[in-house]
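One structure is given below, encoded as structure tokens.
The values are calculated or read from the model by the stated rules, or taken from the named source; none is laboratory data. This structure is a prediction, so every number in the text was calculated from the model and none was measured. Glycine also receives a Cβ, built like all others from the backbone with ideal geometry; neighbour counts cover every protein chain displayed. For the accessible areas, the whole protein counts, side chains as well, though only heavy atoms, and no ligand, DNA or RNA atoms are used. Shrake-Rupley method; radii C 1.70, N 1.55, O 1.52, S 1.80 Å.
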Amino acid sequence: MKSEENVDPTIFTIFGGAGDLTWRKLVPALFSISHYRSMPSHLAIIAVDRVDLTDDQLRKRLREGVTKFSNHVVVDDDEWEQFARHIHYLKGDFKSIETYKNLKLQLRELEKEWEGGVDKIYYMATPPAMFGEIPKYLGESELSHEKHRSRIVVEKPIGYDLDSARQLNKIFTDSFRESQIFRIDHYLGKETVQNILAFRFANPLFEPLWNRGYVDYITITVAEALGIGHRGEYYDKSGALRDMIQNHLMQLLCLVAMEPMVSFDADEIRNKKADVLHSVRPISHDDVGKYVVRGQYGSGQICGQDVVGYHKEMGVSPDSQTETFVAMRLFVDNWRWQDVPFYLRTGKRLPQATSEIVIHFRSVPHRSFPKESSINWQSAGLKISIHPSEEITLRFQAKEPGPKVLLRPVDMKFNYRESFKGPHPEAYETLLWDLILNDATQFMRSDQVEAAWRILTPILEVWENNKPGIFPNYTAGTWGPEAAEKLIVQHGHRWMLPGLR
Ligand code: BG6
């Protein structure tokens with residue numbers, strides 16, 4: 001990891017440089033970095049893609065992206081001109097060695113001009129089919145050979161199941177060392193997600209309670225009101241388990257369940273997270289129906305607007321069996337969490353977008369208050385809201401003012417935006433900055449990715465062989481199929497949504 005003040009000259013090569021991710025996320029994030037922080041003394045962004053484009057055409061399009069998607073930067077002409085000078089376009093086929101030879105020439109020229117060590121970042125912002133190709137060519141053209149200077153970035157999905165993830169990881173490590181491979185999960189760049197470690201391990205208050213002695217169960221929800229937009233073709237082959245649970249929800253599970261790290265070292269933190277995934281109790285093929293629920297939305301209404309069912313979405317097969325909703329019950333078999341259920345759920349076209357984790361504490365061992373005083377009795381709960389609210393809320397029992405002893409739950413709240421004024425970086429901004437600093441803490445290591453697939457592969461296998469038959473099984477604008485409610489309620493537990501009710 002490098003110091004923030006002295007960032008080495010950097011060349012950011014983006015494969016898929018004319019694509020959507022570059023337009024919506026990567027360049028707006030890089031622009032924000034250059035606005036708020038000190039960019040490397042020398043910087044170049046080389047966008048590689050197959051279409052015909054001039055540097056100026058590309059810059060114009062990217063400026064539109066920055067204007068549209070940067071939440072907190074106003075793009076001023078001079079500032080944009082300064083930034084855009086660093087952007088260059090290189091036309092090339094990702095599967096032709098010529099492209100890499102041309103890239104190499106361009107890199108060498110910049111290196112000569114800048115006189116000194118230059119970091120090279122190769123970002124695969126391409127369709128997943130290219131993830132197994134680009135690293136081979138980078139290796140073959142010796143662009144991966146500077147072990148301390150070059151790094152490769154890969155977006156999800158990393159594989160389709162355990163075997164394909166292993167194959168992909170093997171392709172990466174044939175050309176790059178593990179320390180050069182940065183696997184992005186944008187959830188890890190969210191401030192509220194990063195704060196989970198600070199909340200747990202920078203305060204002595206909650207950690208003594210953060211275990212099976214005091215925690216009854218934990219719920220993790222990532223709900224989206226949106227459907228699949230224009231991503232039907234990708235999504236229909238993926239589904240919610242691969243698209244959300246394998247990465248974002250598993251990472252949230254790790255942050256909530258992991259043991260305290262000894263230092264803020266990338267591998268130390270990733271070791272602790274990997275331990276969680278290795279401790280997840282395997283779900284056998286026979287038990288999939290007992291522990292996991294899948295769903296798919298039919299037509300309905302979201303915020304008073306009619307929306308079509310999944311089958312009618314663009315790019316989706318009319319008899320698709322792909323799940324747009326998953327709820328599951330997991331156990332982490334270790335000293336801290338033995339027999340504490342973790343309920344995970346995610347879905348598209350739910351009534352509202354909300355990502356949150358709720359720690360449900362055990363009830364008091366004995367209720368000494370008169371029965372009628374605690375009609376609204378609720379055990380204490382701690383809610384970590386990730387998005388769109390950015391809050392931590394502690395719910396506990398309080399006595400209502402008055403002569404009678406009447407108890408009811410009240411909330412104590414920390415709100416991010418109220419406590420910290422000023423710009424809050426977007427997830428990609430944080431992660432790209434870490435990447436420039438060569439800090440892998442918030443990136444996934446191969447063993448984590450494989451461990452997550454190991455948990456989910458039996459589910460995928462059972463689903464592959466047993467079609468659901470009853471899809472769609474929830475109406476857009478509801479909280480998913482009834483079975484998801486049953487999965488939790490039958491154990492005396494509940495999803496607490498929205499707003500800790
Ligand atoms: C992406 C998924 O990784 O995360 C999308 O592919 C999903 O399907 C998105 O919509 C959710 O991210 P966020 O940051 O909007 O919660």
So which strands (runs of 3 or more DSSP E) stay within the stretch 1-101 end to end and still have 3 or more residues that are within 24 Å of ALA427 (Cα to Cα) and not basic (Lys, Arg)?
10-15, 43-49
Helices (runs of 4 or more DSSP H) wholly inside the stretch 154-248 containing at least 2 residues that are within 13 Å of the chain's Cα centre (by Cα) and within 16 Å of the ligand (Cβ to nearest atom):
191-201
Restricting the stretch 395-412 to residues that are modelled with pLDDT under 95 and among the aliphatic types (A, V, I, L, M), which is farthest from the ligand (Cβ to nearest atom)?
VAL405
Specify which of the listed residues (ASP20, ASP55, ASP76) is free of Cβ contacts under 8 Å to residues at least 12 places away in the same chain, open to solvent by 50 Å² or more (accessible area, probe 1.4 Å) and over 29 Å from the mean Cα position of the chain (by Cα).
ASP76
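Identify, from the list ALA47, ALA29, the residue that is of a type in the set (Gly, Ala, Ser), in contact with a strand residue (DSSP E or B) (Cβ under 6 Å, 6 or more places away or on another chain) and open to solvent by less than 70 Å² (accessible area, probe 1.4 Å).
ALA47
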What residue, of ARG367, ARG345, is within 16 Å of the ligand (Cβ to nearest atom) and among the basic types (Lys, Arg)?
ARG345
Residues being open to solvent by less than 100 Å² (accessible area, probe 1.4 Å) and either closer than 15 Å to PHE206 by Cβ or β-branched (Val, Ile, Thr) (or both): count how many of those fall in the stretch 380-418.
14
Of all residues in the stretch 419-454 being touching a Lys or Arg at 6+ places or on another chain (Cβ under 7 Å) and open to solvent by 30 Å² or more (accessible area, probe 1.4 Å), the one that is farthest from GLU390 (Cα to Cα):
GLU450
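Per-residue answers, yes or no, for (1) at pLDDT 95 or above; (2) assigned to a helix (DSSP H, G or I):
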site	(1), (2)
PHE414	yes, no
ASP447	yes, yes
GLU450	yes, yes
LYS467	no, no
ARG494	no, no
Can you tell me which residue among GLN296, GLN305, GLN301, GLN338 is among the polar types (S, T, N, Q) and in contact with a Lys or Arg (Cβ under 8 Å, 6 or more places away or on another chain)?
GLN338
Going residue by residue through the stretch 163-175, is there one that turns out to be in contact with a Lys or Arg (Cβ under 8 Å, 6 or more places away or on another chain), modelled with pLDDT under 95 and open to solvent by 60 Å² or more (accessible area, probe 1.4 Å)?
no
If you check GLN442 against the conditions, is it under 30 Å from VAL292 (Cα atoms) and not in a helix (DSSP H, G or I)?
yes
